[in-house]
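The values are calculated or read from the model by the stated rules, or taken from the named source; none is laboratory data. Note that the structure is predicted; figures quoted are calculated from it, not measured. As a convention, Cβ positions derive from the backbone with ideal geometry for all residues, glycine included, and neighbour counts pool all protein chains shown. Side chains included, ligands, DNA and RNA excluded: accessible areas come from the protein's heavy atoms. Shrake-Rupley method; radii C 1.70, N 1.55, O 1.52, S 1.80 Å.
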Amino acid sequence: MPDRPTQDRGFKELFTEYPQETLEVFVPELLAKHGRPAKITVISQELPVPDLSEPSRFLDVALECAWSDGRTAIIVLIEHWSEGRRVDLDRVLLYFAALRCRNRKQKSEVFPIVLVTDTSAKEVEDTLTVDLLGRRILSFTVQIYRVTAEELPRLRAMQNRVAQLLSLLATMNAMDDLVQVLLAMHRAPGPVDDLSRFLSFAQLLAKLPPEQEAAFHRRLRQEPAMYTVFDEVKDEGRAEGRAEGRAEGRAEGEAKGLIAAIRHRVDKGKLTIDEARAEIQELIADGDISAEVGRKALSLLG
């Protein structure tokens, strides 16, 4: 498994692990109007793609929110794009329409959000329109979400791990901001182990240069709150990894690490076994893992 996840995989894991916090960041107006949902269900589904040369893709994140008074469920669809210039509203529309069709019996409405994580100043179109023969055939609007200078104070003030990690997209000093974000995540609700789990993703979002990693780790060791959540977990993980690597080989160890992460999602009901197999195949196709690691992971998944 790569030392650092891709943005897409990292955000998918973060948003599905912290769905309530994700809603607080992206749709506070929904919570202000209806209150906290009684139940949030992560919808995982594979959609056919228009171009068969592309690897299969999963919806980035679709969170179905239901309230105890029985009102119509609202599905918050979050599509992630690392480059604003590549945003494809036709593809977002495909996912939007598929969600509506597959949940029409529940009369669910879908709220589409496009998360754009590049830092260019160029605006991203939020509306897809189609005019034909003098008539408006289609008008589809999404909510574009970017971490701007205006949005940053709100994120940093939230006791919310999703908000803290997103704030790194606007970092000015990678090392200092990373330490502050990890301390804020430690204070926010959530499992202690997740600080170690999302550490490499935080470094990715902050664009921490490789040559600064050793100094960054030394900074963390100077923070009393970080010792138990970083050093002990990491030291134990490295020792286990070395032992496992010697006994079973690098590919076997990486495959077991991948399966451990995927099984965590399977056990939480976020993936079925078939979806887990499809995700491993997607990782191979995208080049995120080697074919050898993928084959071993598939054999371990069963």
Confirm whether residue 70 is open to solvent by 70 Å² or more (accessible area, probe 1.4 Å) and either of a type in the set (S, T, N, Q) or over 22 Å from the mean Cα position of the chain (by Cα) (or both).
-> no
Single condition residue 179 does not satisfy, out of (1) in a helix (DSSP H, G or I); (2) crowded, with 17+ Cβ neighbours inside 10 Å; (3) within 20 Å of the chain's Cα centre (by Cα) | (3)
Of the residues 98, 149, 157, which is touching a strand residue (DSSP E or B) at 6+ places or on another chain (Cβ under 9 Å) and either of a type in the set (A, V, I, L, M, F, W, C) or farther than 20 Å from residue 14 by Cβ (or both)?
-> 98
Do you know which of the residues in the range 36-64 that are acidic (Asp, Glu) and within 19 Å of residue 81 (Cα to Cα) is modelled with the lowest pLDDT?
-> 54
Out of (1) in contact with a helix residue (DSSP H, G or I) (Cβ under 8 Å, 6 or more places away or on another chain); (2) modelled with pLDDT under 75; (3) of a type outside the set (Val, Ile, Thr); (4) more than 18 Å from residue 6 (Cβ to Cβ), the odd one out for residue 288 is which?
-> (4)
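The rows are residues; the columns are (1) among the β-branched types (Val, Ile, Thr); (2) more than 24 Å from the chain's Cα centre (by Cα); (3) assigned to a loop (DSSP other than H, G, I, E, B); (4) modelled with pLDDT of 80 or more.
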| residue | (1), (2), (3), (4) |
| --- | --- |
| 227 | no, yes, no, no |
| 231 | no, yes, no, no |
| 242 | no, yes, no, no |
| 270 | no, no, yes, no |
| 276 | no, no, no, yes |
| 296 | no, yes, no, yes |
If you scan the range 190-201, which residues turn out to be free of Cβ contacts under 8 Å to residues at least 60 places away in the same chain and assigned to a loop (DSSP other than H, G, I, E, B)?
-> 191, 192
Test result for residue 217, touching a Leu at 6+ places or on another chain (Cβ under 8 Å), over 20 Å from residue 8 (Cα atoms), part of a helix (DSSP H, G or I) and open to solvent by 10 Å² or more (accessible area, probe 1.4 Å) | no
Residue check: is residue 147 assigned to a helix (DSSP H, G or I), open to solvent by less than 50 Å² (accessible area, probe 1.4 Å) and either in contact (Cβ under 8 Å) with a residue 12 or more places away in the chain or within 30 Å of residue 94 (Cβ to Cβ) (or both)?
-> no
Verdict on residue 172 being out of contact with any strand residue (DSSP E or B) (no Cβ under 9 Å at 6 or more places or on another chain) and crowded, with 16+ Cβ neighbours inside 10 Å = no
What's the number of the condition residue 67 fails, among (1) among the hydrophobic types (A, V, I, L, M, F, W, C); (2) in contact with a Gly (Cβ under 8 Å, 6 or more places away or on another chain); (3) closer than 27 Å to residue 202 by Cα; (4) modelled with pLDDT of 90 or more?
-> (3)
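Of the residues in the range 101-124, how many are part of a helix (DSSP H, G or I) and open to solvent by 100 Å² or more (accessible area, probe 1.4 Å)?
Residues of the range 101-124 part of a helix (DSSP H, G or I): 101-102.
Next cut, open to solvent by 100 Å² or more (accessible area, probe 1.4 Å) only: 102.
Total meeting the criteria: 1.
Based on this model, can you work out whether residue 139 counts as part of a loop (DSSP other than H, G, I, E, B), over 24 Å from residue 19 (Cα atoms) and of a type in the set (Gly, Ala, Ser)? Spell out how you get there, then give the answer.
Details: part of a loop (DSSP other than H, G, I, E, B): no; over 24 Å from residue 19 (Cα atoms): yes; of a type in the set (Gly, Ala, Ser): yes.
No; evaluated as a whole, the condition is false for this residue.
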